[in-house]
Amino acid sequence: MLDPQKLLDQFLGGSASEGGKGGVSPDLIKGLAGGAVAGGLASILMGSKGGKKLAKGALKIGGAAVLGGLAYKAYQTWQANKGAPTTVPMGDLKDITPKAEGTPFLPAPRAERDELSLSLLRAMIAAAKSDGHIDAEEQGRIFAKIDELALDTEAKAFVIDELRKPLDIDAVVRGATSPEAAVEIYAASALAIDPDDPAEQAYLAMLASRLKLDPGLRASVDQEVMKLAR
C-alpha cells in the first residue's frame, strides 16, 4: 500500500524509515543535510535545472512537517502583519519553522495527513514539469532513475503515473480542500520550481491566483521558502 507521508519524505531528500532522531530517519537527515529538495526524488524530476537546498534548521523534521511548518509560519506572519492575533508557538529557537502538529497545516489523523501528502506530491510533480522540459525522452531517463531507487511498487507507480499525466492545474487546485491546504500546496510548488525560469514563475503566479491566495499571504510564503531553501 502506498505510504504518502514516506514518499513525501523521500521527495524532499531521504527515506522515512524508523529509528531516526525524533522519529526521523537517518537517511532523511543525511539527505536534508546534503541539501535537498535537490537531494531526493525532486532532483530527478528537476533534471539539469538543479534544485534548492533545505537549510539545516529543517533537519529535525520530516517532509510533511517541513511543509506544514513553513506554511503555518507564513500564514501566521501574514495574519500578524494584518493586525490579526497570532499564536505562533515559540518552540525550539533552533527550528526554522514552528510546530504545526495538530493544526490544519499538519492534521493529526493519519487519513487526513495522508490525503494532504498526496496533494502536496501532486503539486510538486506538476510544478517540476510546468516548464514543459519533461518530454518523452526525459520521462524515459527519469523512469530509469526511479527504477534504481529503493521505492516500493506502489510508490514508483504513483510517481510514474503522475509524470505521464498532462499538466493539470485543476487537479492541483482540487487538492486545496481548505485555506490551509491551499497555502501548503503553493509552498510545496514554490519549493519545486526553478525561481529563475519564467515559465515556472508564470505557472506559480497562475496557481496562486487559482488558489485565491491573498497577495500578501503569497509574499509571506515566498519569503519563508527563500529562508528555508538556499
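Among the listed residues 53, 94, identify the single one that is modelled with pLDDT under 85, out of contact with any His (no Cβ under 7 Å at 6 or more places or on another chain) and closer than 18 Å to residue 200 by Cβ. Among 53, 94, only 53 is modelled with pLDDT under 85, out of contact with any His (no Cβ under 7 Å at 6 or more places or on another chain) and closer than 18 Å to residue 200 by Cβ. For residue 108, the conditions (1) out of contact with any helix residue (DSSP H, G or I) (no Cβ under 9 Å at 6 or more places or on another chain); (2) more than 17 Å from residue 8 (Cα to Cα); (3) at pLDDT below 90 are fulfilled apart from (2).
Yes/no matrix, rows are residues, columns are (1) surrounded by fewer than 18 Cβ atoms within 10 Å (Cβ to Cβ); (2) more than 16 Å from residue 10 (Cα to Cα); (3) modelled with pLDDT of 90 or more:
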site	(1), (2), (3)
128	no, no, no
133	yes, yes, no
136	yes, yes, no
147	yes, no, no
152	yes, no, no
161	yes, yes, yes
167	yes, yes, yes
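Out of 117, 43, 48, one residue alone is in a helix (DSSP H, G or I), at pLDDT below 60 and among the polar types (S, T, N, Q). It is 48. Taking (1) closer than 23 Å to residue 210 by Cβ; (2) part of a helix (DSSP H, G or I) in turn, residue 154 satisfies each apart from (1).
For residue 205, state whether it is small (Gly, Ala, Ser), touching a Ser or Thr at 6+ places or on another chain (Cβ under 8 Å) and exposed (fewer than 15 other Cβ atoms within 10 Å of the Cβ). Considered against the rule, which asks whether it is small (Gly, Ala, Ser), touching a Ser or Thr at 6+ places or on another chain (Cβ under 8 Å) and exposed (fewer than 15 other Cβ atoms within 10 Å of the Cβ), residue 205 comes out as no. Only residues that are within 24 Å of residue 82 (Cα to Cα) and touching a residue at least 12 places away in the same chain (Cβ under 8 Å) were counted in region 189-205, giving 2. Check region 214-229 and report whether any residue there is out of contact with any helix residue (DSSP H, G or I) (no Cβ under 9 Å at 6 or more places or on another chain), surrounded by 15 or more Cβ atoms within 10 Å (Cβ to Cβ) and polar (S, T, N, Q). No - not one qualifying residue is present in region 214-229.
The values are calculated or read from the model by the stated rules, or taken from the named source; none is laboratory data. Keep in mind it's a predicted model, so treat the numbers as computed, not measured. Because the Cβ atoms are built from the backbone with ideal geometry, glycine has one as well, and the counts that use them run over all protein chains shown.
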